[in-house]
């Protein structure tokens, strides 16, 4: 089973990166990481970072042991080249080419343990709660008016079916009654007559 990791647009030329890549090709993954610590080049830090990523991918996604992994393939490709200019003598300009690289690492098991499928964690399904059913007293559905009367007796809060099971404070009782009776102004007129004259 092949485990892959890539490092793209690394700010180093492919020629400099290949010098260090050639040292660790075919080695044990853990030994290669230790080996890179003692290579005094900028490329060794960049390669170590990608190699660690490949090892973590193997452990997390495929439940493999890092001691059982080796570097099957490791190669460097040319990345984008940034072109910059530097002023020179007699009013001339010289081009500076800032090269970048793409590093690819492929690990494989020394001794194949078994064909293990990648671990996929499933999210728990959301729990859907049933809406509260209407209260039934002696096989009759309680109407809005009866609920208001019951709430007056019980306490200050009023059950309101229009608000999906929420309760209303007692101070709104007069408004409910006025609307049921058909009295009171509605909409824009109510707002006009509520204003104070200048």
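Rule-based calculations on the coordinates, nothing more; no lab input. For clarity, every value in this text was computed on a predicted model and none was experimentally measured. Heads up, the Cβs are rebuilt from the backbone with ideal geometry, glycines too, and the neighbour counts pull from every protein chain shown.
For the stretch 28-123, would you read off the P(r) tail past 24 Å as a percentage of all alpha carbon pairs?
Distances greater than 24 Å cover 44 percent of the Cα pairs.
Modelling each spin label as a point 7 Å along the Cα-to-Cβ direction, I'd like the residue 65/residue 125 distance in nm, to one decimal.
3.9
Please give the contour-minus-distance gain from residue 35 to residue 80: 0.36 nm per residue of separation, less the Cα-Cα distance, rounded to one decimal in nm.
13.3 nm
What distance in nm separates the two pseudo spin-label positions at residue 87 and residue 8, each 7 Å out from Cα along the beta-carbon direction?
With each label point 7 Å from Cα toward Cβ, the separation is 3.7 nm.
Treat each spin label as a single point 7 Å out from the Cα along the C-beta direction, and report the residue 94 to residue 57 distance in nm.
Computed distance between label sites residue 94 and residue 57 equals 4.0 nm.
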